[in-house]
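A short worksheet on the structure shown next.
The values are calculated or read from the model by the stated rules, or taken from the named source; none is laboratory data. Everything quoted here is computed from the prediction, not taken from an experiment. Note: ideal-geometry Cβ built from the backbone for every residue, glycine included; neighbour counts use all protein chains shown. Calculation scope for accessible area: heavy atoms of the full protein, side chains included, ligands and nucleic acids excluded. Shrake-Rupley method; radii C 1.70, N 1.55, O 1.52, S 1.80 Å.
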Amino acid sequence: MIYDDMFANLKHVSVDRPKYLPNDTWFMKFLLSKAGLLEYFFVSFNHGEETKAYVEACKELATCEKASPEAMLILRPRDKPTPDI
């Protein structure tokens, strides 16, 4: 059972190599919608290049509702460097 406030206090989330499956995307969108104190959400996708599936996943995550308006969403292919924050 998942409670609405279970993820409310997350501040930093890192997801490494998710697949482009609906369940993976749903879970990431769910976390974004529930983590009210979220500061950073990093997603390092499985493939090193920007595929069509990568672009679609990025669009879906970038446009989803976020519980924290200050949350910085960082999406990148696996082989790209993570930006300094």
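If I go through the stretch 27-65 residue by residue, how many of them are small (Gly, Ala, Ser), out of contact with any Asp or Glu (no Cβ under 7 Å at 6 or more places or on another chain) and outside any helix (DSSP H, G or I)?
Qualifying residue count, the stretch 27-65: 2.
Just give me the residues in the stretch 16-26 being open to solvent by 30 Å² or more (accessible area, probe 1.4 Å) and not in a helix (DSSP H, G or I), in sequence order.
Correct list: 16, 17, 19, 20, 21.
Within the stretch 45-67, can you find the residues that are modelled with pLDDT of 90 or more and either within 25 Å of residue 6 (Cα to Cα) or of a type in the set (Phe, Trp, Tyr) (or both)?
Within the stretch 45-67, 60, 61, 62, 63, 64, 65, 66, 67 qualify.
Six or more apart or on different chains, Cβ atoms under 9 Å: show the pairs whose first residue is in the stretch 48-66 and under 28 Å from residue 11 (Cβ atoms) and whose second is of a type in the set (Asp, Glu) and at pLDDT 90 or above.
These pairs meet every condition: 57/24.
Which of the residues spanning the stretch 1-13 are open to solvent by 90 Å² or more (accessible area, probe 1.4 Å) and modelled with pLDDT of 90 or more?
Hits for the stretch 1-13 are 9, 11, 12.
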